[in-house]
Amino acid sequence: MYASREDIGYDFGDDSKVGSKPIKPNPNIDGGWAWMIVLSSFLVHILIMGSQMALGILNMEWLEEFNQSRGLTAWVSSLSMGITLIVGPFIGLFISMCGCRKTAIIGGILNALGWILSAYASNVHYLFLTFGVTAGVGSGMVYLPAVVMVGQYFQKRRALAQGLSTTGTGFGAFLMTALLKYLCTEFGWRNAMFIQGAISLNLCVCGALMRPLSLKDVSEKYVVRSSSEDNQAKALSHSAETIKSNGVFSEEPEKEEEAANEEVLDSVQHREIGGKFKSGRKMYGLRILKTVSQLTVTVKKGFAIWYSSYFGAASLFTNRVFVAFIIWALFAYSSFVIPFIHLPEIVKQYNLSSQNNIFPLTSIIAIVHIFGKVILGIISDLPCISTWNVFLMANFTLVTCILTLPLMQTYVSLAVVCALIGFSSGYFSLMPVVTEDLVGTKHLANAYGIIICANGISALLGPPFAGWIYDITHKYDFSFYISGLLYMVGIIFLLIQPCIQKKQPREKSTEQAQV
């Protein structure tokens, strides 16, 4: 009945020997400090994604302050949201070199700096640099580690953990909207951004909570995973195991090089002590040389892993299902963002403003979205349920709602469709789980960085494209139809590639039998 990996068409090697070894489960996997990681990720989603969902408050202040066009002013928010996701692949490089904790702490400082500098903006173009780029890059440096760390600490309840942590986006949308509205009313938008920058420094605390797993903990997690999946399905032939088998990610050369450097430096140090040089200045120079050497090895190792993930012989792009996943991500996110932008205008067009003011349709999406993430996460963690199938069913439901929403002309019907959009879009919490199933935990940072980069491009270009379609047709209907059809194309790619993956091994085995 369990079909997520088998449906995708992958194949693991036989790990039964490893799985048969008795091993004491680590308390930090699926428990203990793992729940502190969930709390940290939850707070990151509140402070970053929640704040970005509340930028409409500041957007109105910027329009009044700078007297620029709506299109130009809107690019400030779009840049911040888009860059947060687009920088994902480059943040993967920082994670490979520095780890999640250091990357998140640096990102928290950069994000706070962007907010504080934006308080002194003299024009919109100044905000492009301080808020759009600086705060956006800082947000990306915290967001990706927050997602990756949850994937590292959880095995049995990954979907639930990701669902709980990402609900911070919905809570943050409500909290940050109320907070920014209050701060702008009481202190003005400049002081509000300064205060928000101070609040954003708590991202450094969230980063400090991201305690890395030891090598022993990681190995125990892999053993537990292989033993639990041994009787369910053979999985992921082009995933992490295939990538490791190509040798590009082998850590032996780096270890040997690091050991050689250590031996040389130690031998020199002993000679200095026992022979010619005993002065403190010479010893201080040796310590600096040793530190620089270790840093060089770390940077070189991290860059090698990052580079080979994208461009080497073991590139993630050799995994066809992962490539299909990227194509899907290019179309999916805009279909979720567009309703938030155009729903108020559709409500106004159908003369439903009075009902919408009582309970806005966008609020319905946000509230149900929170429950959707948790419920879909619980369902996906059931042993008899396939995460892959839940992910696809949620996508089919969402694309159906996008295509049918323009046909709804009453408040009740629109509310029902919006509730379904909110619930089905809860599959966002499953994206890290599906990505980890495709490439493995070791390469989750680089792989998920590519996925959120594709989402960022979709979020950056989708709404302007929808607006351009409206300018041509003077109807919002075609914006939903076109985005829905493009979304369907992405889903079709997800359905086709697993079939191809299954078919190819069968063809190869037939050819070998004939020979």
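The values are calculated or read from the model by the stated rules, or taken from the named source; none is laboratory data. Since we're looking at a predicted model, the values are computed, not measured. Cβ placement follows ideal geometry from the backbone for every residue including glycine, while neighbour counts extend to all protein chains displayed. Note: accessible area is taken over every heavy atom of the protein model, side chains too, but ligands, DNA and RNA are not part of it. Shrake-Rupley method; radii C 1.70, N 1.55, O 1.52, S 1.80 Å.
Couple of notes before you dig in:
- Lone unmet requirement of (1) open to solvent by less than 50 Å² (accessible area, probe 1.4 Å); (2) at pLDDT below 90 for LYS156: (1)
- Residue check for LYS348: open to solvent by 70 Å² or more (accessible area, probe 1.4 Å) and among the basic types (Lys, Arg): yes
- Residue count for the stretch 6-55 satisfying the condition of being modelled with pLDDT under 50 and either in a loop (DSSP other than H, G, I, E, B) or over 30 Å from THR84 (Cα atoms) (or both): 17.
- Sole residue being closer than 17 Å to GLY163 by Cα and surrounded by fewer than 19 Cβ atoms within 10 Å (Cβ to Cβ), chosen from ILE365, ILE358, ILE378: ILE378
- Any chance ALA119 is in contact (Cβ under 8 Å) with a residue 60 or more places away in the chain, under 21 Å from ALA454 (Cβ atoms) and either out of contact with any His (no Cβ under 6 Å at 6 or more places or on another chain) or surrounded by 24 or more Cβ atoms within 10 Å (Cβ to Cβ) (or both): no
- Selection status of TYR411, modelled with pLDDT of 85 or more and crowded, with 22+ Cβ neighbours inside 10 Å: no
- Looking across the stretch 185-210, just one residue is hydroxyl-bearing (Ser, Thr, Tyr) and open to solvent by 30 Å² or more (accessible area, probe 1.4 Å), and that is THR185.
- Single residue of VAL374, VAL347, VAL399 found to be under 25 Å from ILE492 (Cα atoms), among the hydrophobic types (A, V, I, L, M, F, W, C) and in contact with a helix residue (DSSP H, G or I) (Cβ under 8 Å, 6 or more places away or on another chain): VAL399
- Pair list, Cβ < 6 Å and 6+ apart or interchain, from the stretch 49-60 residues that are in the same structural domain as SER80 (by the TED database) to residues that are of a type in the set (D, E, K, R) and part of a helix (DSSP H, G or I): ILE57/LYS181
- Looking at the stretch 80-177, the helices (runs of 4 or more DSSP H) lying wholly inside it that each contain 1 or more residues that are more than 14 Å from VAL38 (Cβ to Cβ) and not assigned by the TED database to the domain that holds ASP437 sit at 88-98, 100-118, 124-127, 136-153.
- If you go through the stretch 185-206 and keep only what is free of Cβ contacts under 8 Å to residues at least 40 places away in the same chain and of a type in the set (Phe, Trp, Tyr), you end up with just PHE187.
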